[in-house]
Amino acid sequence: MTASPLARKVLALPYRERERLLVELLDSLHDGDRGDALDGEAWEGSWAAELDARLDGVEAGTVATLPADQVLAEMGAGVLTARR
């Protein structure tokens, strides 16, 4: 994995500075009006549809699943990767 020059600079900051920057960045996502942002009801509907689709895939056997203990072990070891 390669980081951009900006990311390398940010990652070199002390923990508290990275934390402060993260809070500022997250806050900035909530400022202003985004045309593509979902309101609460639309957001919930979107997630409900996504969860239904995932559940349908699991029930149909078309989605691979992992045992919870394996997922937790991978998370603890820091090796969990995106699976799609």
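Structure above, values below:
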quantity	calculated
Filter result (surrounded by fewer than 10 Cβ atoms within 10 Å (Cβ to Cβ) and either modelled with pLDDT of 70 or more or under 18 Å from the mean Cα position of the chain (by Cα) (or both)) within segment 2-12	SER4, PRO5, LEU6, LEU11, ALA12
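The rows are residues; the columns are (1) within 18 Å of the chain's Cα centre (by Cα); (2) modelled with pLDDT of 90 or more.
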residue	(1), (2)
PRO14	no, yes
GLU19	yes, yes
GLY32	no, no
LEU38	yes, no
ALA42	no, no
ALA49	yes, yes
ALA64	no, no
ARG83	yes, no
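The values are calculated or read from the model by the stated rules, or taken from the named source; none is laboratory data. Everything numeric here is computed off the predicted structure, so don't read it as measured data. Every residue, glycine among them, receives a Cβ derived from its backbone with ideal geometry; neighbour counts consider all protein chains shown.
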